[in-house]
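The values are calculated or read from the model by the stated rules, or taken from the named source; none is laboratory data. As the structure is a computational prediction, the values presented were derived from the model and not from experiment. Cβ placement follows ideal geometry from the backbone for every residue including glycine, while neighbour counts extend to all protein chains displayed.
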Amino acid sequence: MIAYRKLSIKMKMFLMIMFMMAFIITLAFSSLYYTYSVYDKQLFDKSSRLLNLSSSTVDLELQKLEALSLNMISDMQIQRALKSLLEDDTAYSSFMERKKITDRLWEHISGAARYVQSVHLIDSQGRVNKYGETITVSEEKYDRMIAAAEHANGAVRWLYPDDDDPMLVMVRQVRAYDPMTLKPVGILFLRINIERLVKEYAGLDSQNSDIVLKAGDDVVYPYRQLQNAVSEGLKPLPGSGGYEIKNLDGRAVFLAQKKSSYTGWVYYNMASYHEIFERIIWLKNALIVVYVIAIVIVLTLGMVFARSLTRPIRQLIGQMKEVQYGDLDNIDNANLTVPTHHHMDEIGLLHRTYRLMITHINTLIKENYASQLVIKETEFKALQAQINPHFLYNALDSIHWLAKKHKQEQISSMVLSLGYLLRTSISFKQNVITLAEELEIVNHYVTIQKYRFQHRLDFHLHVPQPYLGCAIPKLTLQPLLENAIQYGLEPQVGACQIRVYAELSEGKLLLVVEDHGPGMEPEFVEKVLRGEVETRGTGIGLMNIRERLRLAFGDDHDIRLESKPGCGTKVMVPLPLPKEEKLWEDYCE
């Protein structure tokens, strides 16, 4: 961080542009790869739907074939014929029973799907009763079919297409049902054209099919049309489905798969990855080239821009150093002018402002001596002006003692109070005083006003002793008391009661100046608080007191004014308590 702060503005801008470009490129490629993943997911969803439809259709037809085989082996005529062949093996009887078996097989198979190539039923004498396509099966496969049926104990077993027979073969053992001895009486197997089944019911042609059906390592569909390298590369993923991008026979393939819950076979859907993403891969490569070119262009423009921005700043720094060590009167003004080729941007304005500042500094230096002379003359006149207040203090003091000499106590008291008020109003040493000092000013002011209004002024002051140490801006209560006399007492013919008292409210000391004068309308009160009423006096106004309270104690210390016509006026001044617990303890004592 310290090293970065020491870099020049040009390098900082260069690094900022580099960072922005890196961020934008990272964001763009992240978005691009996210798009790839979304596209992969959509492709998998499409392949998954196709696989679900194909596998469900094929599984349904295979289940129908299993039901058909069950109907055949449980057929009563076939059951009787097989038991008869087991018990009576005469030539004529065997011929008639086998004819019955063949007829019943034809009745069952005639209504079945066209993809059943043939049906074979081997009786207990090893003779084959069949209907449909004639085929010669090798002895080895024949033995495998019989062994698979016998090991299944009546359940269905599948033999997959091979070089001997490209058909899918279903085998199952026939057992005696009536009576339910379950004694083996024959073997049934159906040869199924799986390609025709898939083509007619799943809508796929084996010549252009992307669907592959495997049972373990055996290819069920399409047989003899799938390369060995591709077949060996198809391996099931964990779980019942999923997708991957795999290299099969030297080409990238998008491979989706689903495992059949009925047969356990795995359905694969293959799609050439490069053919699907060829345009996207081209776009990605094009974007890389565009971004590289953009980086070079942006960095070049950034360096040019940074140099154009920092060159005038460096020129300005050089001019400042000259001014720092030089004589302003001898500075070449040509160096302070704004170059004509600069626009009036922020740098141009900075040059112009610096030039004006230097000119102004020269002017101020020349005027400084004359200003000092004026200040000295003003200070001299201020010293002379101090003679007048001292003269007034001395004159009032003389009047005070002359009145006391002639035993004129009223004149003496008034002059003493007037001198105190005059001294207090002129003194500016303290802006915030104690409440005791403020109440002393109030008492002297009331002393003078009582001689003026006599019995008409009914004044009461009640502030408990513990609160006298609270801070208050000087001349806060006296102007409020003056307003109470001017607007509450003077408009009345009779006496007017004016009270000054203190109370606690919301953790603050509330000083209240209350008069029983004519009061004000609520609308007029709002105007007074907004400072929209022109006062009749020339003293300290209410707005002045409010501002001094806020400056001294914060915005939450503001004057409140309550008044109603005919009910008088109440002004409340909030003051902070120094230590509330100490005040209460002293007050209780």
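So here's what we get for this one:
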{"item": "Residue, farthest from Q465 (Cα to Cα), within the stretch 505-530, restricted to residues that are hydrophobic (A, V, I, L, M, F, W, C) and free of Cβ contacts under 8 Å to residues at least 60 places away in the same chain", "result": "F524"}
{"item": "Count of the stretch 134-159 residues which are surrounded by 12 or more Cβ atoms within 10 Å (Cβ to Cβ) and of a type in the set (D, E)", "result": "1"}
{"item": "Close pairs (9 angstrom Cβ cut-off, 6 or more residues apart or separate chains): assigned by TED's automatic domain parsing to the domain that holds S84 and among the hydroxyl-bearing types (S, T, Y) in the stretch 109-138, at pLDDT below 80 and assigned to a strand (DSSP E or B) anywhere", "result": "S110/Y131; S118/K130; S118/Y131; S118/G132"}
{"item": "Residue under evaluation D205, criteria (1) loosely packed, with under 15 Cβ neighbours inside 10 Å; (2) modelled with pLDDT of 75 or more, criterion not met", "result": "(2)"}
{"item": "Hits in the stretch 107-159 (condition: closer than 15 Å to R172 by Cβ and of a type in the set (G, A, S))", "result": "A147, A148, A149, A152, G154, A155"}
{"item": "Members of the stretch 128-153 found to be closer than 21 Å to T102 by Cα and modelled with pLDDT under 80, listed by number", "result": "V128, N129, K130, Y131, G132, E133, T134, I135, T136, V137"}
{"item": "Of the criteria (1) modelled with pLDDT of 75 or more; (2) not in a strand (DSSP E or B), which one L50 fails", "result": "(1)"}
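One line per residue, one yes/no per condition, for (1) modelled with pLDDT of 75 or more; (2) surrounded by fewer than 11 Cβ atoms within 10 Å (Cβ to Cβ):
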residue	(1), (2)
L287	yes, no
A294	yes, no
G302	yes, no
L309	no, no
L316	yes, no
A334	no, yes
H341	no, yes
M344	no, yes
M357	yes, no
